[in-house]
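Heads up, the thing below is written out as structure tokens.
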Amino acid sequence: MIMTQQLIKLSIALTLCVTSYSFAVDDDAGWELQRDRDGIQVHTRSVEGSPYDAVRTTTRMTDVRLSSLVALIEDAPACSEWADSCAESYLVERLSDSESLVYTHNDLPFPAQDRDVLAQVEWTQNPLSLEVEMNSFATVGKMEEVRGRLRLTEAEASWTFAPQMDGSILIRNEAHISPGSALPGWLTNLLLVDAPFETMNSFVDAVRDPKYVDAQLNFIEEPAEHSDQQFSGQD
């Protein structure tokens with residue numbers, strides 16, 4: 001049972017870092033609340049054709065900048081400090097200001113084989129709502145496989161940071177994961193809540209680090225800057 005829990009937690013950790021191997025879920029239908037604690041909500045729902053449930057983790061933060069949230073995820077080596085069970089992550093190549101290749105390795109307990117993934121990560125921002133979205137997907141043929149590690153070749157994930165009317169930011173991560181083994185779906189689903197909850201809790205704490213608070217990213221526009229620009233453009 002301990003091995004099963006560790007394998008699932010490590011699978012979810014790859015989902016919650018930028019280099020996950022999940023399938024993002026976009027619509028709002030069918031989600032069931034599994035945990036609502038400390039301002040963090042974890043929802044799950046069934047996925048047609050899969051024994052594994054999808055998971056959505058959300059929270060709200062005040063007095064935080066969009067650039068700070070993005071900067072934390074962009075700081076790949078910091079993954080091990082906040083994403084549950086993330087062993088190693090680093091930038092492989094900077095493709096543009098808002099796009100990169102990132103490698104992540106998760107060290108699974110024996111006898112399970114370690115997993116790793118090379119993901120292409122891209123940031124976009126809606127020019128009207130200023131909602132920021134990160135999408136990542138696994139790539140192949142751009143980095144040699146590491147001996148003893150299972151390279152994941154099909155992977156998608158997303159993070160969303162959405163400014164709200166009250167000045168807060170809605171933070172959302174969605175994923176549909178496979179633990180990479182023959183674990184039964186009903187058992188995996190029972191253990192699907194803890195790792196996303198703990199990761200989001202750690203994420204909220206980590207983004208308060210001074211090195212992220214005043215981060216400046218030229219591809220991110222802050223709500224206050226947007227308001228100032230609108231005001232200055234009026235007659």
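The values are calculated or read from the model by the stated rules, or taken from the named source; none is laboratory data. In this text, all values refer to a predicted model and were calculated from it rather than measured experimentally. All Cβ positions, glycine included, derive from the backbone under ideal geometry; neighbour counts span all protein chains shown.
Is it the case that residue 63 is without any contact (Cβ under 8 Å) to a residue 12 or more places away in the chain and either out of contact with any Pro (no Cβ under 7 Å at 6 or more places or on another chain) or in a strand (DSSP E or B) (or both)?
yes
Look through 68, 22 and report the one residue that is modelled with pLDDT of 85 or more, within 16 Å of residue 200 (Cβ to Cβ) and small (Gly, Ala, Ser). It would help to see each step written out before you state the result.
Details: 22 fails: modelled with pLDDT of 85 or more.
Answer to the check: 68.
Cβ contacts < 8 Å: first residue within 20 Å of residue 99 (Cβ to Cβ), restricted to the stretch 139-161; second residue assigned to a loop (DSSP other than H, G, I, E, B) and of a type in the set (S, T, N, Q), any location; separation 6+ or different chain. Result?
Close Cβ pairs satisfying both conditions: 140/153; 155/19; 155/20; 156/20; 157/19; 157/20.
Looking at the structure I just gave you, is residue 58 assigned to a strand (DSSP E or B), in contact with a strand residue (DSSP E or B) (Cβ under 9 Å, 6 or more places away or on another chain), farther than 11 Å from residue 172 by Cβ and not aliphatic (A, V, I, L, M)?
Spelling it out, it is not the case that residue 58 is assigned to a strand (DSSP E or B), in contact with a strand residue (DSSP E or B) (Cβ under 9 Å, 6 or more places away or on another chain), farther than 11 Å from residue 172 by Cβ and not aliphatic (A, V, I, L, M).
Test residue 114 against the criterion of being in contact with an Asp or Glu (Cβ under 8 Å, 6 or more places away or on another chain), surrounded by fewer than 23 Cβ atoms within 10 Å (Cβ to Cβ) and over 30 Å from residue 30 (Cα atoms), and give yes or no.
Details: in contact with an Asp or Glu (Cβ under 8 Å, 6 or more places away or on another chain): yes; surrounded by fewer than 23 Cβ atoms within 10 Å (Cβ to Cβ): yes; over 30 Å from residue 30 (Cα atoms): yes.
Here the answer is yes, as residue 114 does meet what is asked.
Within the stretch 131-235, considering only strands (runs of 3 or more DSSP E) that don't extend past its boundaries, which have at least 3 residues that are closer than 27 Å to residue 63 by Cβ and modelled with pLDDT of 95 or more?
Values: elements: 132-138, 149-151, 156-163, 169-176.
Those strands (runs of 3 or more DSSP E) span 156-163, 169-176.
Residue-by-condition table, conditions (1) under 27 Å from residue 34 (Cβ atoms); (2) aliphatic (A, V, I, L, M):
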residue	(1), (2)
53	yes, no
74	no, no
85	yes, no
117	yes, yes
145	no, no
